[in-house]
Amino acid sequence: MSNPILLAPGPVQLHPEVQKILSQPMIHHRTPEFDQILARVLKNLKYLFQTKNHVFMHTSTGSGGMESALVNTLNPGDQVLAIVSGKFGERWAEMAEVFGAKVQRLNVEWGKSVDPQEVEKALKQNSEIRLVLCQACETSTATSHDIRTLGKIISKSNALFLVDGITATGAYDIPMDEWHIDVLIAGSQKAVMLPTGLSLIAFSEKAWKISETAKTPRYYFDLRKELKSNKNGETFVSSPVPLIRALDYVLTRIQEITLEKHFKQLRRRADFTREIAHEMNLKLFSSSPSDSVTALVLPAGLNGVQFREELEKKYAVTVMGGQDQLKGKIIRIGHMGYILDDHMVETMHRLALCLKDFGVSIDPEKIKVKSSDWLKANQV
Ligand SMILES: *Cc1c(COP(=O)(O)O)cnc(C)c1O
């Protein structure tokens, strides 16, 4: 098959305009031209985060944003409640331990969302908890957590609510201020629709106060330094000019479309995937499926690792498999980035063809027709 399709839950396909911007001649980051772009980006990021507070940028992957959230709020020895419902929850809990926190894990069965009452109970039992860590969407299981309810509960406690929104911020509605989120993180190659290399992070006033005196050593991710530079119209270290120029485009475009409509487009892709998966007899892995990525359970007995290889090699479709205990058992289809209806129809068609190759009884042409009919009938 010719045209390759990348529907991973990050990195994602780039808008043609973004590709063009990324190939523009380099300019220096201390120029009037770049100053203007940076100022606009810092302003428009507030819209993306739905916050009145400052949004920071780090030249790092999403994990750098997770580290920044910790080093800017944590004192060594602090008690932390980490909601662990998959790979990324585990990573954040480990990170907090590395920085000297006493971490209490609230383990959630993979594919399920955390019960907010469990969090309330943990906070009542231990009033020393300083931070609560949670993924908005746990990408490894394609599961979204009830951030709104968690925010209500945590805002009544002494703890700060830190949310890894790397596959949520920019993909579906997660209004930072309204939902009492103290720290929110986004990542460039996921919901922000750019290449890898930027993490974005915002703090509530409550979190910022704590950050000003937090005792964990920090340098590169010291947001006090970053704020000072931003106030002078600069970034603390060299600015990744191409990424910020591309971010400027993405943010301007989202503002034009409006967040509301942008979220509807992702919801439509998620609904489509769930619907056509149902036609293909593939079940959803998550009981709280996210709009940014869908995990489908492969038929029992099918070798999922080989299946994904074949899908990639023969059909030029890149989706992700499962990790750890889910290796070979699920595939994860991303809904973020530049995705046209053709990409979605083709993905489902080729998925069906590949399933057929593996002995599954399925009619790929029927799936193709159903797919394009569904998309035509469900416009946003
Ligand atoms: C991808 C991802 C990360 C890690 O981001 P990197 O850019 O790979 O460092 C963290 N959390 C979630 C929820 C993610 O999806």
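The values are calculated or read from the model by the stated rules, or taken from the named source; none is laboratory data. For clarity, every value in this text was computed on a predicted model and none was experimentally measured. Here Cβ is always computed from backbone atoms with ideal geometry, including for glycine, and neighbour counts include all displayed protein chains.
Restricted to region 182-214, and to residues that are in contact with a helix residue (DSSP H, G or I) (Cβ under 9 Å, 6 or more places away or on another chain) and of a type in the set (Asp, Glu), which residue is nearest to the ligand (Cβ to nearest atom)? Taking the candidates together, the pick is Asp182. In region 301-380, counting only helices (runs of 4 or more DSSP H) that sit wholly within it, the ones holding 2 or more residues that are in contact with a Ser or Thr (Cβ under 9 Å, 6 or more places away or on another chain) span 304-313, 341-357.
Is it true that some residue in region 32-49 is out of contact with any strand residue (DSSP E or B) (no Cβ under 6 Å at 6 or more places or on another chain), at pLDDT 95 or above and part of a loop (DSSP other than H, G, I, E, B)? Looking for residues that are out of contact with any strand residue (DSSP E or B) (no Cβ under 6 Å at 6 or more places or on another chain), at pLDDT 95 or above and part of a loop (DSSP other than H, G, I, E, B), one finds none in region 32-49, hence no. Condition check for Leu311 on (1) crowded, with 17+ Cβ neighbours inside 10 Å; (2) without any contact (Cβ under 8 Å) to a residue 24 or more places away in the chain: one failure, at (2). In region 155-181, of all residues being over 14 Å from Thr139 (Cα atoms) and outside any loop (DSSP other than H, G, I, E, B), the one that is farthest from the ligand (Cβ to nearest atom) corresponds to Ser155.
The condition (being surrounded by fewer than 24 Cβ atoms within 10 Å (Cβ to Cβ) and at pLDDT 95 or above) is satisfied by just one residue among Asp164, Asp173, Asp182: Asp173.
Filter region 185-194 for residues that are part of a strand (DSSP E or B) and surrounded by fewer than 24 Cβ atoms within 10 Å (Cβ to Cβ) and give the result.
Passing the criteria: none in range.
Return yes or no: is Ser140 in a loop (DSSP other than H, G, I, E, B), hydroxyl-bearing (Ser, Thr, Tyr) and in contact (Cβ under 8 Å) with a residue 40 or more places away in the chain? When the stated conditions are applied, Ser140 passes them.
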